[in-house]
Amino acid sequence: MKKYSFLFLLVLLAACGGLKNLKLESAPEFTEQTYWLSQQYALDYQAEEVLATYVSKVSKITPTHYHLAVSLKDQPQVAYTIQVRRTDLAIDGFISANGDELKIYMPLLSFPLFKGKVWTETLRAHEHPRRPVKEIAATFEVKDIVEYDYLPKEKLAGEKKAFLIEMKTPDQTLSFHYLPPSKKFPGTSMVDLYLQLDLNNPNAPKMRNDCMEYVR
């Protein structure tokens, strides 16, 4: 019995070591087939309290950006498009269905990603085309590598490992999880992070976004 307990402990330590040593060298690449089907809840949600179910799909790829078209599930019309920079997945622009553009800049990741990494950025949050752009100084830190159930339907442990990232601004401290890509999984949707992190309203209810389906 002691022999098996010792072997189990070795396996557990090896698994934990792999979790802590997670590193992502560069941003993942998407195709025009890449999409995420997501659900949003309040942070203290119950399973039946779904606030929104929506699709984020790569609708266009330019030399510098991915265009992620967002629509409600089972509704063909695009509600808005978020531009994501290809080199680092920075959220870099917002286009509404009627063509209005917002100057949104949220560089939430910095590659390579690894535990302990710290970096600073100046974010931009634009609520309305006729309002001034708000600039926000932010400090980021990869606090830990943790298990995170962003993919509630998945059973593979390898697709539960996430970077826990803390973002500090003058008004608030927020944290979010980024799951790196795997063979089939494209990684956390930047649209989910955009909808989860409300920079314009520090008192907004905290949200959680789960990915229910995906295509890489």
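Worth pointing out:
- Within region 98-105, none of the residues are at pLDDT 95 or above and small (G, A, S).
- Filter pass, P170 being more than 14 Å from L89 (Cβ to Cβ) and loosely packed, with under 13 Cβ neighbours inside 10 Å: yes
- Search result, residues across region 59-107 that are part of a loop (DSSP other than H, G, I, E, B) and either in contact with a Gly (Cβ under 7 Å, 6 or more places away or on another chain) or buried (at least 20 other Cβ atoms within 10 Å of the Cβ) (or both): L89, A90
- For K168, the test of being at pLDDT below 90 and touching a strand residue (DSSP E or B) at 6+ places or on another chain (Cβ under 8 Å) is failed.
- Just one of the numbered conditions (1) in a loop (DSSP other than H, G, I, E, B); (2) hydrophobic (A, V, I, L, M, F, W, C); (3) at pLDDT below 95; (4) closer than 21 Å to M167 by Cβ is not true of L151: (4).
- Scanning region 175-215 for residues being surrounded by fewer than 17 Cβ atoms within 10 Å (Cβ to Cβ), at pLDDT 90 or above and farther than 21 Å from K57 by Cα gives a total of 1.
- Close pairs (7 angstrom Cβ cut-off, 6 or more residues apart or separate chains): of a type in the set (G, A, S) in region 115-126, part of a loop (DSSP other than H, G, I, E, B) anywhere: A125/L199; A125/N200
- On the stretch given as region 113-132, residues that are under 19 Å from the mean Cα position of the chain (by Cα) and surrounded by fewer than 14 Cβ atoms within 10 Å (Cβ to Cβ) total 5.
- With respect to the stated conditions, D44 fails to be assigned to a loop (DSSP other than H, G, I, E, B), surrounded by fewer than 16 Cβ atoms within 10 Å (Cβ to Cβ) and at pLDDT 95 or above.
- A single member of F176, F185 is hydrophobic (A, V, I, L, M, F, W, C) and either out of contact with any helix residue (DSSP H, G or I) (no Cβ under 9 Å at 6 or more places or on another chain) or in a strand (DSSP E or B) (or both), and it is F176.
- Among the candidates S71, S26, S38, S59, residue that is touching a helix residue (DSSP H, G or I) at 6+ places or on another chain (Cβ under 8 Å) and at pLDDT 95 or above: S38
- The number of residues in region 109-139 being at pLDDT below 90 and touching a helix residue (DSSP H, G or I) at 6+ places or on another chain (Cβ under 8 Å) comes to 0.
The values are calculated or read from the model by the stated rules, or taken from the named source; none is laboratory data. Here the structure is a predicted model, which means the values were calculated and not measured. All Cβ positions, even for glycine, are placed from backbone atoms using ideal geometry, and neighbour counts span all protein chains on display.
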